[in-house]
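The values are calculated or read from the model by the stated rules, or taken from the named source; none is laboratory data. Please read these numbers as outputs of a predicted model, since none were measured by experiment. Here the Cβ positions follow ideal geometry from the backbone for every residue, glycine too, while neighbour counts run over all protein chains shown.
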């Protein structure tokens, strides 16, 4: 699966890939996470904050293509560290409606 990051002035949002869901399920701070992605998680975002991995992993296992919609890590461009996550709770319904969720590590909240 190819990742198509979303970029803002300060952040990049990277898709959590199907293989990364498996690592996260085994250990939210798995040492192999993000090694080849160019960013890191020194604050152990998924370990220390509520996250949707338990709710999303079966969806991704059934259909890996949904991974690009369900969860992205928010990476601060300046330091290339994970500071949060964002994603959709599911694919759009028959009316095109979708619910968005996000989280920001407390150390990075209220920074603009």
Open item on the list: Could you check the range 31-57 and list, in sequence order, the residues that are part of a helix (DSSP H, G or I) and either in contact with a helix residue (DSSP H, G or I) (Cβ under 8 Å, 6 or more places away or on another chain) or over 19 Å from residue 98 (Cβ atoms) (or both)?
Closed with: 45, 46, 47, 48, 53, 54, 56, 57
TODO: Any residue in the range 51-69 that's touching a residue at least 12 places away in the same chain (Cβ under 8 Å) and at positive phi: show its pairings with residues that are in a helix (DSSP H, G or I) and surrounded by 14 or more Cβ atoms within 10 Å (Cβ to Cβ) at Cβ separation under 7 Å, as long as the two are six or more apart or on different chains.
DONE: none
Task: Within the range 1-24, considering residues that are touching a helix residue (DSSP H, G or I) at 6+ places or on another chain (Cβ under 9 Å) and buried (at least 20 other Cβ atoms within 10 Å of the Cβ), the one nearest to residue 112 (Cα to Cα) - done: 15
- [ ] Would you point out the residue of the range 89-112, among those that are assigned to a strand (DSSP E or B) and without any contact (Cβ under 8 Å) to a residue 40 or more places away in the chain, that is farthest from residue 47 (Cα to Cα)?
- [x] 100
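Yes/no matrix, rows are residues, columns are (1) modelled with pLDDT under 95; (2) more than 14 Å from the chain's Cα centre (by Cα); (3) more than 18 Å from residue 7 (Cα to Cα); (4) exposed (fewer than 10 other Cβ atoms within 10 Å of the Cβ):
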| residue | (1), (2), (3), (4) |
| --- | --- |
| 66 | yes, no, yes, no |
| 69 | yes, no, no, no |
| 73 | no, no, no, no |
| 76 | no, no, no, no |
| 83 | no, no, no, no |
| 91 | yes, yes, yes, no |
| 97 | yes, yes, yes, yes |
